[in-house]
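The structure under discussion appears below in the form of structure tokens.
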Amino acid sequence: MLDERLLSKMCLESKLLTVKDLKKHQEIASKRGQEFEQYLIDEGVINENTLYKEAAMHFGVPFIDLKECSIKKDVIRMVPATLAEKHHVIAFEKNKDELKIASLNPDDVQTVDFLKKKTGLKIKVYMPAPSGLHECMRRFYAGWSEQEEIEGLTVLQEQADSGYVSQEDLEKAAQDIPIVNIVNTLLEQAVYSNASDIHIEPEEKNVRVRYRIDGVLQPVMTLPKAVQNGVVARVKILAKLRLDEHMVPQDGRFKIKIHEDTLAFRVSVVPLLEGEKVVMRLLQESARPLSLEELGLLEGAREIVEANIKKPHGMILVTGPTGSGKTTTLYSLLALLNKPSVNILTIEDPIEYNIRGVSQSQVNVKAGFTFANALRSFLRQDPDVMMVGEIRDEETAEIAVHSAMTGHLVLSTLHTNDAPTTLPRLADMNIPHFLVSFTVNLIIAQRLVRKLCEHCKKEYKLDAGELKEIEDAFNTHEVLGLYKKFRLTKNGEKTFKGLTFFQHVGCTHCGHTGYKGRMGVYEVLEVDDKMRGAINHRANADELAALARAQGMMTIAQDGLIKAKMGITSLEEVLRVIKD
């Protein structure tokens with residue numbers, strides 16, 4: 001549907017409606033609870049083609065009447081069915097150098113860029129009438145996705161339902177063009193959508209596919225049950241997993257090249273009641289580490305981190321729940337330390353990025369190459385800096401602490417909710433308090449928040465309900481003091497009332513979510529002499545947190561509120577993350 005404001009403007013400028021008629025029809029559509037555009041077309045007030053010819057002129061693209069087009073199957077199928085359905089776009093004509101597409105969102109530059117890379121052709125955008133586009137999609141994609149391409153796979157599913165599928169049948173299904181196309185489309189679309197994970201989930205009558213985008217799972221398509229075993233088998237072959245094993249979880253990994261990027265996919269297959277569930281984590285190995293500023297560290301916190309990574313020994317720990325960006329932060333720290341004069345070794349599970357100049361190794365539990373065993377071996381490799389992906393047990397913690405004592409800088413992660421809790425957590429792993437205080441230099445606790453889309457975010461002021469929620473959840477005086485410190489307020493405000501924040505709206509640039517990309521919110525705890533004294537006196541987490549705040553440490557929530565005031569994220573997003 002066209003935006004109503006744009007639609008009204010077009011109708012007046014092209015003299016399709018007078019001001020009086022426009023208001024009359026808007027009132028009728030409103031009373032009926034009907035979209036204004038649909039009302040105009042259904043009631044015959046304006047012909048659909050006439051309306052979309054005007055819309056095409058507004059967007060500066062040609063109009064195409066798809067009902068009059070003769071489209072070849074091999075052309076229309078150059079746009080994957082999932083992309084066509086989600087973004088309302090199809091291909092209708094191709095020549096040697098150019099592919100012509102019809103799109104209801106002519107400004108959707110991401111789709112155009114994706115098709116340009118996928119096909120290697122120039123893309124020329126046309127605007128169709130919605131009914132013509134949807135008719136083409138029904139005519140071409142329905143038969144393709146569920147009949148023609150999946151023909152013969154029903155037999156395989158019937159065999160699976162009876163409790164027996166031979167490895168030979170699975171191998172054959174996994175190599176069938178329909179299955180290969182489905183899996184390729186899933187992978188390409190995930191990359192195109194900037195997804196971090198792909199979930200392929202068996203249900204009673206179909207297979208659900210979801211992507212995790214900016215930390216939130218989103219349904220993207222439903223596949224017929226007939227393709228379930230073929231798709232799982234195809235993924236297993238790529239990840240070199242056993243095809244004949246259906247009752248035991250399996251883990252694997254594979255690499256592919258999409259466009260100019262090399263991506264690794266970490267694969268987990270788990271047996272469920274309705275079949276095997278597959279989750280694939282995307283690891284963009286060719287991605288570069290982010291700078292501290294790109295991570296989202298504010299000036300004061302950034303200076304503390306930069307000072308501590310210059311220390312020749314000790315521990316820097318990054319904490320937070322799964323999926324909070326800890327490993328990305330570690331890679332950024334490694335990038336700052338990575339110099340020809342520094343010997344850096346890492347043990348990871350998995351290796352998410354390749355960093356030139358850093359010796360990276362992968363955990364292999366079957367071969368006995370664990371975090372703890374790797375750290376022992378590293379000490380014989382003359383290291384300056386060691387990074388261990390995660391401190392999971394007492395043995396790894398003990399070796400990491402002793403390495404930090406003997407002249408090495410050790411970087412690692414822990415699963416704790418905030419920075420102060422990390423110190424007692426190490427003591428719980430039977431590390432003596434005096435060793436914790438002596439070896440730990442810095443703790444960075446973090447979460448990830450979605451960033452507001454720069455193209456559509458808009459300013460607003462809090463309503464009464466939001467004011468109460470914010471003031472109940474936070475120390476208003478402390479937060480307003482931070483706003484003043486960061487020059488985000490001017491007049492010495494005593495409440496949040498009247499302050500301007502930003503909210504998400506949604507547009508083609510962000511997939512109509514209002515958000516695009518993520519960044520960290522942090523608390524950075526530096527272990528100084530006062531903090532060491534408190535640790536040695538066995539202070540609990542609450543006492544350590546109070547001391548850290550008294551010394552100026554901003555909490556994760558406060559850091560998020562500052563970024564909300566700066567317009568980087570929304571208050572709603574900050575509250576969502578700190579409540580999780």
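The values are calculated or read from the model by the stated rules, or taken from the named source; none is laboratory data. Bear in mind the structure is a predicted one, so any value in this text is a computation, not a measurement. Here the Cβ is made from the backbone with ideal geometry for all residues, glycine too, and neighbour counts use every protein chain on show. SASA here: full protein model, heavy atoms, side chains in, ligands and nucleic acids out. Shrake-Rupley method; radii C 1.70, N 1.55, O 1.52, S 1.80 Å.
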(message) Is the C-alpha gyration tensor of segment 38-126 telling us rounded, prolate or oblate? Criteria: a/c under 1.5 is rounded; beyond that, a/b larger than b/c is prolate, otherwise oblate.
(response) prolate
(message) How would segment 62-101 be classified by its alpha-carbon gyration tensor: rounded, prolate or oblate, with rounded meaning a/c under 1.5 and the a/b versus b/c comparison settling the rest?
(response) oblate
(request) Using only the Cα atoms of the chain, build the gyration tensor, take square roots of its eigenvalues as a ≥ b ≥ c, and label the shape rounded, prolate or oblate: rounded if a/c is under 1.5, else prolate if a/b is larger than b/c, else oblate. (result) oblate
(request) Determine the relative contact order of the chain: mean sequence separation of Cα pairs under 8 Å and six or more apart, normalised by residue count, in whole percent. (result) 9
(request) Express in nm, to one decimal, how much length is gained between K490 and H477 on full extension, taking 0.36 nm for each residue of separation and deducting their alpha carbon distance. (result) 3.2 nm
(message) If I compute solvent accessible area with a 1.4 Å probe over the protein chains, what percent of it on segment 366-460 is carbon and sulfur?
(response) 46
(message) List the aspartates and glutamates whose Cα sits under 14 Å from the Cα of K579, skipping any in the same chain fewer than 8 residues away.
(response) D418, E469, D472
(message) Which entries of K100/K451; K451/K494; K86/K255 have Cα-Cα distances beyond 31 Å here?
(response) K100/K451
(request) Would you mind computing, in nm to one decimal, how far apart the modelled labels at D21 and R138 are, each placed 7 Å from Cα along Cα→Cβ? (result) 2.9
(message) Just to confirm a number: summing +1 for Lys and Arg and -1 for Asp and Glu over residues other than N373 whose beta-carbon lies under 15 angstrom from that of N373, what do you get?
(response) -3
(request) Report the FRET efficiency, 1/(1 + (r/R0)^6), for E543 and M566, where r is their Cβ-Cβ distance and R0 is 35 Å, rounded to 0.05. (result) 0.65
(request) Output the relative contact order of segment 463-580, whole-number percent, from Cα pairs under 8 angstrom with separation of 6+ residues. (result) 27
(message) Using amide H atoms built in the peptide plane, which far-off residues or other-chain residues are under 5 Å from V207 H to H?
(response) L223, K225
(request) Compute all pairwise cysteine Cβ distances in the chain, then list the cysteines with no distance under 4.7 Å to another cysteine. (result) C11, C69, C136
(request) At 0.36 nm per residue, minus the direct Cα-Cα distance, what do E293 and H509 gain on full extension? Give it in nm, one decimal, please. (result) 75.4 nm
(message) Helix-only estimate, please: 222 nm mean residue ellipticity of the chain, summing -39500 (n - 2.57) across DSSP H runs of length 4 or more and dividing by its residues, to the nearest 500.
(response) -12000 deg cm²/dmol
(request) Could you calculate the contour length gain from D244 to S361, that is, 0.36 nm times the residue separation minus the distance between their Cα atoms, to one decimal place in nm? (result) 39.1 nm
(request) Please report, in cubic angstrom per residue, the volume enclosed by the convex hull of the alpha-carbon atoms of segment 392-499. (result) 184
(request) Considering only DSSP beta bridges where both residues belong to the chain, give the percentage that are antiparallel (nearest 5). (result) 65
